[in-house]
Amino acid sequence: MSIMIENENTFVKALEEGINLFLGSGFSTLCKDAQDRPLPLGNQLKLELIERFGLQGSEELSLPQICTIVEADRRHGLYAYLKSRFSVKSFDYRYTCLDSITVRSVFTTNIDDLVFHIYSDSVKHYVNDIAISGPAFKDREAVDFLALHGSVLHENDELLFNPLDLAAAFSSDPDKWRYLTHGVQKWPTLFWGYSLSDAGVLQALSPKTISGRVQKDRWIVLHRSDDPAMKYFQALGFRTIVADTNLMLDYLSAHKPRVTDKAAISRRPTKDLFPNEAIPDPASVPVRPIIQFYVGSPPSWYDIFTGHIYRTSHYSRIVDSINSGKGTAVIGIPASGKTTLIMVSLSG
């Protein structure tokens, strides 16, 4: 099996300039607990809880339902088991490759402490736990960390497995939701370790839930190119990566950030070098209704900045070509949208 990355050039650029990681249970499959057992995925954890807490005959129930039953009268025992099961003792060293890419934030629905182990020996970055100290402000060494379901490192935190509990957590702590939605609008995001059954949070991040505001590129790791989930996630606006965690770690370990010769770059701003061709300041462009564009008027920069122009597949291919470092020419018949595509590509 070889890795397949949709718009790979754009993905590589995001690794170098800044990307969020949104991690699910499939991300942590190559680490072990104190008893040398691999960390469990959802269905395996459900079976373990059924066995440990004597719930045989409940196999048809989901993991959240099993957790709800156990938590009702054996909360302390449940939490003690989960904290021992998801405290990482050893892990595949390739995970440390994350230290060589530019990770802006880590959002996770996992309760394990793997991310802290990954960066524990780093001399370049440290994990900033938002639940404890809030978001870092312009600290290039910080990797902001937000555990959406709680963490084994938080002594007094609830560990959430029920979607209703997660929704309530967002309601009781709106800053958490705002930081999450702001993050996916500011930087591209890689979703890693999710399946169709774990799609609740991903659905909540749909642009429809944040007033249609434009989000940066989003990639999701799927195991097979014929996975029925692929069309679903593509419909949600994701770009796909066909790989497993082994392949992703190999790929990122082999990735070497491009080094830019800063001395060769002019310090003069683009608007001084090319005053007639530079992208204008958003505050300086005249406002007009978007309907004027759709009834045939030439595109204006205000149309572009609003984000209300639909981004077709041609847009993605153009951006990926630009990010490859090659010269890119867009050709087509008159009024086919060439100018609009280039304006949107340059502004994004």
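The values are calculated or read from the model by the stated rules, or taken from the named source; none is laboratory data. It should be emphasised that the depicted structure is a prediction, and the values quoted were computed from it without experimental measurement. Note: ideal-geometry Cβ built from the backbone for every residue, glycine included; neighbour counts use all protein chains shown.
With 112, 173 as the choices, which residue is of a type in the set (Asp, Glu), over 15 Å from the mean Cα position of the chain (by Cα) and at pLDDT 90 or above?
On the way: 173 fails: at pLDDT 90 or above.
The match here is 112.
Considering only region 2-11, state which residues are assigned to a loop (DSSP other than H, G, I, E, B) and either at negative phi or in contact with a Pro (Cβ under 7 Å, 6 or more places away or on another chain) (or both).
Start the filter on region 2-11 by keeping residues that are assigned to a loop (DSSP other than H, G, I, E, B), which leaves 2-3, 6-7.
Matches in region 2-11: 2, 3, 6.
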Hey, residue 121 assigned to a loop (DSSP other than H, G, I, E, B) and surrounded by 14 or more Cβ atoms within 10 Å (Cβ to Cβ) or not = no
Only one of these is basic (Lys, Arg), surrounded by 10 or more Cβ atoms within 10 Å (Cβ to Cβ), under 19 Å from the mean Cα position of the chain (by Cα) and modelled with pLDDT of 70 or more: 239, 317. Name it.
-> 239
Pair list, Cβ under 8 Å, 6 or more apart: region 12-28 residue part of a helix (DSSP H, G or I), other residue among the small types (Gly, Ala, Ser) | 25/42; 25/193; 26/193; 26/195; 27/193; 28/193
All but one of (1) buried (at least 17 other Cβ atoms within 10 Å of the Cβ); (2) closer than 16 Å to residue 245 by Cα hold for residue 4, so report the exception by its number.
-> (1)
Considering every residue within region 83-93, establish whether at least one is part of a helix (DSSP H, G or I), in the same structural domain as residue 15 (by TED's automatic domain parsing) and within 17 Å of the chain's Cα centre (by Cα).
-> no
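Here is a yes/no grid of residues against (1) within 30 Å of residue 306 (Cβ to Cβ); (2) modelled with pLDDT of 85 or more:
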| residue | (1), (2) |
| --- | --- |
| 158 | no, no |
| 191 | yes, yes |
| 195 | no, no |
| 210 | yes, no |
Just to be sure, is residue 55 over 30 Å from residue 254 (Cα atoms) and either hydrophobic (A, V, I, L, M, F, W, C) or at pLDDT 95 or above (or both)?
-> yes
Considering residues that are surrounded by 12 or more Cβ atoms within 10 Å (Cβ to Cβ) and either touching a Pro at 6+ places or on another chain (Cβ under 8 Å) or assigned to a helix (DSSP H, G or I) (or both), the number found within region 31-67 is 17
Members of region 13-50 that are of a type in the set (A, V, I, L, M), over 20 Å from the mean Cα position of the chain (by Cα) and within 23 Å of residue 248 (Cα to Cα) = 39
Scan (1) farther than 30 Å from residue 2 by Cβ; (2) of a type outside the set (Lys, Arg); (3) modelled with pLDDT under 70 for the single condition residue 201 breaks and write down its number.
-> (1)
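From the list 270, 312, 339, 328, pick out the single residue that is modelled with pLDDT under 70, among the polar types (S, T, N, Q) and over 30 Å from residue 27 (Cα atoms). Please lay out each step first, then the result.
Details: 312 fails: modelled with pLDDT under 70; 339 fails: modelled with pLDDT under 70; 328 fails: modelled with pLDDT under 70.
The unique qualifying residue is 270.
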